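The values are calculated or read from the model by the stated rules, or taken from the named source; none is laboratory data. All figures in this text were calculated on a predicted structure; none of them were measured in a lab. Positions of Cβ are backbone-derived with ideal geometry, glycine not excepted, and every protein chain shown enters the neighbour counts. When the accessible area is computed, the model is the full protein with side chains, heavy atoms only, and any ligands, DNA or RNA have been set aside. Shrake-Rupley method; radii C 1.70, N 1.55, O 1.52, S 1.80 Å.
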Amino acid sequence: MNITEFSKIAQVSKSAVSRYFNNGYLSQDKREKIEEAIRTTGYCPSIQAQTIRTRKTKLVGVIIPKLSSESCAKVTEGISEILSEEGYQILLANTANDPEKEIEYLDLFRQNRVDGVIFLATVFSQAHHTLLRKMRIPVIIVGQQYKGYNCVCHDDYGAAHALTTLMISKGSSNPAFLGVTNEDISAGLSRKEGFIQAVKDAGIAIGASNIGLSDFTMESGYVQTKRMLSTALRPDCLLCATDNIALGAMQYCREKHISIPGDIMIAAFGDNKIDRVTEVSLTSAHLHYTTSGRDAAQMLLLNLRTNETVPKILKLDYEIIERQSTQK
């Protein structure tokens with residue numbers, strides 16, 4: 001059944017039917033006639049026809065770095081919550097922390113009909129920059145700050161400075177940091193810089209061995225902690241760039257009977273649920289991931305409604321959740 005046939009059954013004009021299905025203004029009388037005709041016929045307009053007419057698919061591409069990540073799940077939940085209220089559906093792409101996959105999915109969404117993209121970015125290469133400039137649909141970047149684009153990010157530097165200052169105030173005189181690649185500006189570089197500045201502010205001198213590099217896994221956190229704690233002057237506090245890294249560090253300490261927080265304090269970022277149920281609960285910076293997803297979705301919807309071209313940066317605050325791992 002097409003719209004012409006349906007409008008005759010409903011005894012209203014085709015334009016009235018169109019306004020009804022596009023949330024336009026209608027008199028109560030016409031609205032009731034259309035709804036009665038829907039109940040009688042089961043009529044639903046063709047999505048393909050609507051797409052051709054409005055040039056809108058009601059689809060949004062969402063690119064995430066890790067499907068199993070609790071933080072990514074929270075961001076995605078926030079995105080879905082807002083977009084579903086507006087009748088949008090999401091197409092979820094998992095890159096498994098592979099920057100090349102990010103490029104592939106950005107290009108896929110560029111070439112296929114989606115109304116916009118929400119991109120949980122990790123790193124930005126020249127290939128990212130080139131492809132982002134080719135996008136003809138709105139792109140909202142989450143978790144990173146990238147010049148010239150709408151972004152929702154976190155105060156990673158401030159959270160790192162606050163966590164480090166907390167452990168120094170508890171008596172640490174030899175702090176250490178276990179981070180990730182500096183190519184990841186937020187989780188890598190900003191958190192490391194926040195740590196380094198807090199150490200300088202406290203007047204503490206540390207060596208190069210006090211700053212280590214991990215990947216995002218517990219296994220790497222375990223291995224790198226073993227290396228760092230095998231030095232002659234063992235650190236008495238350890239700030240980890242992610243909760244997963246910290247859990248690996250805590251596992252090593254448990255196996256080697258290194259007391260937390262007695263021998264070493266440990267803190268991290270993410271405030272994941274598991275932090276509360278480990279043998280020694282983990283102090284962590286709570287970053288507002290669900291809120292960032294909601295804000296990114298609202299930013300995208302505003303851009304779609306207004307075609308706003310001036311990029312906006314929204315930086316969210318943090319909360320330090322202190323638990324047993326730093327309570328000396």
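On full extension, the segment bounded by VAL123 and SER18 gains 33.4 nm, given 0.36 nm per residue less the C-alpha separation. Measuring against 26 Å, Cα to Cα, the residue pairs LYS66/LYS328; LYS273/LYS328; LYS170/LYS226 contain LYS66/LYS328 as the ones spanning a longer distance. In plain terms, the chain from ARG234 to GLU32 could stretch by 65.2 nm, reckoned as 0.36 nm per residue minus the Cα-Cα distance. Label-to-label distance for MET1 and GLU70 is 5.0 nm, based on points extended 7 Å past Cα in the beta-carbon direction.
Between LEU92 and GLU219, the simple spin-label model (points 7 angstrom out along Cα→Cβ) gives 2.4 nm. Measuring nothing but protein heavy atoms, the accessible surface of the chain at 1.4 Å probe radius is 50 percent carbon and sulfur. Computed from backbone phi, the HN-Hα couplings of the range 158-175 come to x, 5, 5, 5, 5, 5, 5, 4, 4, 6, 5, 5, 8, x, 5, 10, 9, x Hz, rounded to whole numbers (Karplus: 6.51 cos²θ - 1.76 cosθ + 1.60, θ = phi - 60°; Gly and Pro given as x). What aspartates and glutamates sit close enough to LYS14 to cross-link, taking a C-alpha to C-alpha distance under 12 Å and skipping anything fewer than 8 places away on the same chain? Straight-distance partners of LYS14: GLU5.
Here the spin labels are modelled as points 7 Å beyond Cα on the Cα-Cβ line, and at ILE274 and LYS8 they lie 6.4 nm apart.
Between ARG227 and ARG133, the contour length at 0.36 nm per residue exceeds the alpha carbon distance by 29.6 nm. In this structure the chain gives 49 Å² per residue of accessible area when probed at 1.4 Å with all protein chains present.
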